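The values are calculated or read from the model by the stated rules, or taken from the named source; none is laboratory data. What you see is a predicted model, and the numbers here were worked out from it, not measured in a lab. Here Cβ is always computed from backbone atoms with ideal geometry, including for glycine, and neighbour counts include all displayed protein chains. Just so you know, the surface numbers come from the protein's heavy atoms only, side chains and all, with ligands and any DNA or RNA stripped out. Shrake-Rupley method; radii C 1.70, N 1.55, O 1.52, S 1.80 Å.
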Protein chains: 2
Amino acid sequence: MSRTKARAALLQELEEAMRRSSAQGVLYGQTVANVAGIANSDLECMDILYLEGRVTAGRLAEVTGLTTGAITGVVDRLEKAGLVRRERDDADRRKVFIAVVPEAIERLGQFYVPMQQAMERVFGGYSDQELRLLLHFANEGYKGVLAATAALKGLLDTPPEKRPDLKLKKLRRQP
Amino acid sequence: MSRTKARAALLQELEEAMRRSSAQGVLYGQTVANVAGIANSDLECMDILYLEGRVTAGRLAEVTGLTTGAITGVVDRLEKAGLVRRERDDADRRKVFIAVVPEAIERLGQFYVPMQQAMERVFGGYSDQELRLLLHFANEGYKGVLAATAALKGLLDTPPEKRPDLKLKKLRRQP
DNA sequence: ATATATATCTTAGTCACTAAGATATTTAGC
DNA sequence: GCTAAATATCTTAGTGACTAAGATATATAT
């Protein structure tokens with residue numbers, strides 16, 4: 001087998017392995033939502049809040065791709081569950097910041113213990129240098145996926161007659 | 001900074017980077033569903049079918065965590081869209097295999113082009129040896145997440161009084 | 001043969017979502 | 001300052017995917 005062919009095969013194998021593990025990751029998130037008794041989108045918003053900190057309702061809509069109306073419902077449920085608090089911005093009183101209630105981290109964190117333990121076990125098999133390579137890859141991968149998402153969203157802004165269409169259901173443009 | 005402290009910090013950074021890129025990966029999938037005009041679960045089932053090949057309706061329910069009734073709806077929609085075909089098993093006529101229509105791969109594949117290009121760019125920055133490390137990690141990570149998912153599901157089978165409960169909504173046991 | 005188990009489908013009801021518009025507040029133009 | 005346009009969130013009505021429970025059809029076991 002030629003040198004380039006070997007690499008091409010490696011790349012393909014890598015792509016499938018990434019796809020498989022990523023799909024399983026999605027499933028883990030769904031299982032968390034199911035076990036925690038919380039809707040999938042609600043959990044996704046909690047995740048965004050955990051990563052980005054205190055954000056506005058509009059920002060949640062932007063990141064999740066949901067309408068602002070849907071976010072109102074999400075925040076209503078999360079607030080009722082005591083996981084977040086609405087905090088009106090005094091500087092701009094139209095804005096509503098959503099802040100995670102401190103205990104919420106613990107209450108949800110327990111569901112990620114199996115995942116953390118699994119990852120500790122996996123990471124344990126690598127040297128510091130190898131972990132740095134994985135970290136570099138994770139960061140580069142994040143940037144790549146971010147760019148790919150933006151590129152894909154761009155398709156929605158291209159004229160429909162020039163866009164490939166599956167005719168599965170009516171297309172929706174991002175607000 | 002001590003040697004072990006450096007590793008602990010590295011591990012934490014790695015965990016967050018993985019979490020972030022994984023969250024963005026979820027978002028890419030949602031964007032695909034949105035752009036393709038297909039429900040999220042329907043796309044997830046297409047992904048499973050792509051990875052596992054021809055599987056039964058029951059297997060789809062098992063993997064996705066949806067009820068068999070919901071899968072009936074998923075397959076109805078996918079079949080109407082011309083993406084899959086129902087094929088009754090002659091050996092056991094209760095079973096219905098779901099098979100992907102060959103063209104469906106192309107029809108959906110186009111939405112993954114931005115992602116593939118992004119990944120090619122990222123992978124391009126690594127040597128064959130480094131890619132083999134990434135492949136190894138992806139495979140180990142998959143096994144880890146699989147185990148973590150199973151462990152988490154196990155929580156549903158523990159008696160409710162011994163289980164941490166968020167009291168967010170009524171819990172549902174997997175069928 | 002009968003009972004039990006398995007695999008999918010059907011039905012009724014629930015809940016999260018979108019689209020459109022209402023409300024409240026800020027910013028820009030005159 | 002006053003009015004118009006822009007922005008941020010919420011409200012309402014309607015839609016569609018989901019669950020739970022049970023129906024149907026086929027297979028397996030006693």
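Return the pair list, or none, for Cβ contacts closer than 8 Å from residues in the range A:73-88 that are open to solvent by 80 Å² or more (accessible area, probe 1.4 Å) to residues that are part of a helix (DSSP H, G or I), at least 6 apart or on different chains.
These pairs meet every condition: A:Arg77/A:Asp42; A:Arg85/A:Glu79; A:Arg86/A:Val75; A:Arg86/A:Glu79.
Give me the residue from the range B:44-63 that is in contact (Cβ under 8 Å) with a residue 24 or more places away in the chain and within 10 Å of DNA strand D (Cβ to nearest atom) and, out of that set, farthest from the other protein chains (Cβ to nearest Cβ).
B:Ala61
Among A:Leu51, A:Leu78, A:Leu43, which is the only one that is farther than 30 Å from B:Gln129 by Cα and touching a strand residue (DSSP E or B) at 6+ places or on another chain (Cβ under 9 Å)?
Matching residue, one of A:Leu51, A:Leu78, A:Leu43: A:Leu78.
Has the range B:107-119 got any residue that is over 20 Å from the mean Cα position of the chain (by Cα) and under 30 Å from A:Asn139 (Cβ atoms)? Write out each step before concluding.
Of the range B:107-119, the ones over 20 Å from the mean Cα position of the chain (by Cα) are B:117.
In the following step, the residues that additionally are under 30 Å from A:Asn139 (Cβ atoms) were identified as B:117.
Yes: the range B:107-119 contains one or more residues that are over 20 Å from the mean Cα position of the chain (by Cα) and under 30 Å from A:Asn139 (Cβ atoms).
Residue under question is B:Glu52, and the condition is that it be in the same structural domain as B:Ala104 (by TED's automatic domain parsing) and within 15 Å of DNA strand C (Cβ to nearest atom); does it hold? Step through it out loud before you land on a result.
Details: in the same structural domain as B:Ala104 (by TED's automatic domain parsing): yes; within 15 Å of DNA strand C (Cβ to nearest atom): yes.
So B:Glu52 fits the description; yes.
Checking B:Met115 against (1) buried (at least 18 other Cβ atoms within 10 Å of the Cβ); (2) among the hydrophobic types (A, V, I, L, M, F, W, C); (3) closer than 30 Å to A:Gly109 by Cα, which single condition isn't satisfied?
Every listed condition holds for B:Met115 apart from (3).
Exactly one of (1) more than 7 Å from every other protein chain (Cβ to nearest Cβ); (2) in contact with a helix residue (DSSP H, G or I) (Cβ under 7 Å, 6 or more places away or on another chain) is unmet by B:Ala36. Its number?
Every listed condition holds for B:Ala36 apart from (1).
Please indicate, with yes or no, whether at least one residue in the range A:155-172 is out of contact with any Asp or Glu (no Cβ under 6 Å at 6 or more places or on another chain) and either at pLDDT 95 or above or within 30 Å of B:His136 (Cβ to Cβ) (or both). Break it down into steps so the answer makes sense when it comes.
Here is the first cut: in the range A:155-172, the ones out of contact with any Asp or Glu (no Cβ under 6 Å at 6 or more places or on another chain) are A:155-172.
Next, only the ones that are either at pLDDT 95 or above or within 30 Å of B:His136 (Cβ to Cβ) (or both) stay: none.
No: zero hits.
Output the number of the condition that B:Phe97 fails; it satisfies all remaining conditions of (1) more than 14 Å from DNA strand D (Cβ to nearest atom); (2) modelled with pLDDT of 95 or more; (3) open to solvent by 30 Å² or more (accessible area, probe 1.4 Å).
With (1) more than 14 Å from DNA strand D (Cβ to nearest atom); (2) modelled with pLDDT of 95 or more; (3) open to solvent by 30 Å² or more (accessible area, probe 1.4 Å) applied to B:Phe97, the lone miss is (1).
How about the range B:82-120: which of its residues are within 11 Å of DNA strand C (Cβ to nearest atom) and outside any loop (DSSP other than H, G, I, E, B)?
Residues satisfying the conditions are B:Arg86, B:Glu87, B:Arg88, B:Val96, B:Phe97, B:Ile98.
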